[in-house]
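The structure under discussion appears below in the form of structure tokens.
The values are calculated or read from the model by the stated rules, or taken from the named source; none is laboratory data. Small disclaimer: the values here were computed from a predicted structure and weren't measured. Using ideal geometry, Cβ is built from the backbone for each residue, glycine included, and neighbour counts are taken over all protein chains shown.
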Amino acid sequence: MSGAGRYAPSPSGELHLGNLRTALLAWLFARASGRRFLMRVEDLDRARDAGCAARQLEDLTRIGIDWDGAPVTQSARGPEHGAAIDRLAAAGLVYECTCTRRDILSAPSAPHAPPGAYPGTCRDRGDEERRAARASIAPREPALRLRAPLAELEFDDLLLGRVRGDIDDLVLRRGDGTVAYNLAVVVDDAAMGVDQVVRGDDLAPSTPRQILLQRLLGLPTPPALEYAHVPLVLGPGGARLAKRDGAVTLADLRELGVGAGEVLSRLAASLGLARPGERVATAQLIRRFDPALIPREPWVWSGATS
């Protein structure tokens, strides 16, 4: 097959077992289907960049994940992101927004709108209102929002089946100039030739927004683009795995005598691709991989000695 899968970590911290498990699944989906596998460092949010990109890539290599070509750095793709916003603006689909998060949360919501949805406060301002609103927040710049022509959208997911999601007037660029994730991921996936997106199922609700942007920008969209949202890893308390759960990164586990090979084996066992305690290599997992057999429930990590 042509096309590619990808993994796109944010360098906000070291990868934990949940990140590694999702990366392994994305790699297996791509390699088992004959696709290339690509890497992208999603470093747009400079405030959250902890400088972990190199360590993240090293950890992926340690558990046997490889990729084709050099990793793409998202922050280097500003001109492409800006060009996409310009295209949407030329079509009359972009407007300025001066609302703060507090403004949005305190504004009356439209009937049946999901919690936190943008209520459209700035959507229909005239020129004079827009100038006054811009002046009222100076020197802060307004954000740019999409004038979404749809309120909801459905798509088919390889694991979740038919998924419906709400769409509001999402941010395209924040007031500080940072391009929003939903726009950047759509533009970058298309530019990289990605036609298979495998990621955590917590991101499924944002997918309808991204599919709408794909359509508006004339980029590949389902069914030419596959989505598979995979179950997360939970900590002992039932919440999504985090550093507070103890030894959850390769470095943490290495200090306890748990090497990268054993981590891979545990991840494989959690996916039904290896027997508990069986030592495996990623090449073996490709031959065993069947998307239909992936567990649909989260995996609970109960500790390094479990």
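To keep it simple, each residue is scored yes or no on (1) in a strand (DSSP E or B); (2) within 14 Å of the chain's Cα centre (by Cα).
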position: Arg164; (1), (2): yes, no
position: Val186; (1), (2): no, yes
position: Ala190; (1), (2): no, no
position: Arg199; (1), (2): yes, yes
position: Ala204; (1), (2): no, yes
position: Leu212; (1), (2): no, no
Exercise for the section: Please go through the range 95-125 and pick out each residue that is among the basic types (Lys, Arg) and either modelled with pLDDT of 90 or more or assigned to a loop (DSSP other than H, G, I, E, B) (or both). Expected result: Arg123, Arg125
Practice task
Scan Leu93, Leu88 and give me the residue that is in contact with a Pro (Cβ under 8 Å, 6 or more places away or on another chain) and under 14 Å from Leu172 (Cα atoms).
Solution key: Leu93
Practice task
Would you confirm whether any residue within the range 178-185 is in contact with a Pro (Cβ under 9 Å, 6 or more places away or on another chain) and of a type in the set (S, T, N, Q)?
Solution key: no
Problem - Residues (touching a residue at least 24 places away in the same chain (Cβ under 8 Å) and either part of a helix (DSSP H, G or I) or surrounded by 21 or more Cβ atoms within 10 Å (Cβ to Cβ) (or both)) located in the range 214-230 - result: Gln214, Leu216, Leu217, Tyr227, His229, Val230
Handout entry: Condition check for Glu154: free of Cβ contacts under 8 Å to residues at least 40 places away in the same chain and out of contact with any Ser or Thr (no Cβ under 9 Å at 6 or more places or on another chain)
Key = no
Fill in the blank from the handout: Picked from the range 283-306 (must be outside any loop (DSSP other than H, G, I, E, B) and in contact with a helix residue (DSSP H, G or I) (Cβ under 7 Å, 6 or more places away or on another chain)), the residue surrounded by the most Cβ atoms within 10 Å (Cβ to Cβ) is Leu285
Exercise for the section: Tell me, please, whether a residue that is out of contact with any Phe, Trp or Tyr (no Cβ under 6 Å at 6 or more places or on another chain), over 27 Å from Ala76 (Cα atoms) and buried (at least 18 other Cβ atoms within 10 Å of the Cβ) can be found in the range 186-204. Expected result: yes
